[in-house]
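The values are calculated or read from the model by the stated rules, or taken from the named source; none is laboratory data. Because the structure is predicted, anything quoted here is derived from the model rather than measured. Every residue, glycine among them, receives a Cβ derived from its backbone with ideal geometry; neighbour counts consider all protein chains shown.
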Amino acid sequence: MPRQKKDFLLNPVVVTIVVVIALIAAFNFYQNMTRMNQLENQIEKIEAEIAEAEAENQRLKEQLENSSSHEYIEEVAREKLGLVKPGEKMFIPVEEDEETGEDQDSDEEQSE
């Protein structure tokens, strides 16, 4: 009797079926691992976005709380509206155009 069981396990059809099942299981395992890695990456990305949104939410809450203070109102008036206190002088920086600077350089080279 034990001999027949051993012969059955060595039968090429049984070996082929076992190999096919093992290959299918390995392929499914690989696909599942790949999908799990993708999902973990998505989770990390979403968690980072959540942390960013929470930080932005906290910043906005603080800004809302400070919006009624005189210091905040003065800061906004100075930065966004360009207002100054009486007696203060406002300086506006003037930026040179790159084209203007290049024209001056070429004019100087031609005169030499």
Exercise for the section: For residues that are surrounded by 11 or more Cβ atoms within 10 Å (Cβ to Cβ) and within 36 Å of the chain's Cα centre (by Cα), scanning just the stretch 75-95, find the one that is farthest from Q63 (Cα to Cα). Expected result: R78
Exercise for the section: For the chain, please list each of the helices (runs of 4 or more DSSP H) lying entirely inside it that holds at least 1 residues being at pLDDT 75 or above. Expected result: 12-66, 70-81
Problem - Subset of the stretch 39-64 that is farther than 30 Å from V76 by Cβ and either of a type in the set (A, V, I, L, M, F, W, C) or exposed (fewer than 10 other Cβ atoms within 10 Å of the Cβ) (or both) - its residue that is nearest to the chain's Cα centre (by Cα) - result: A48
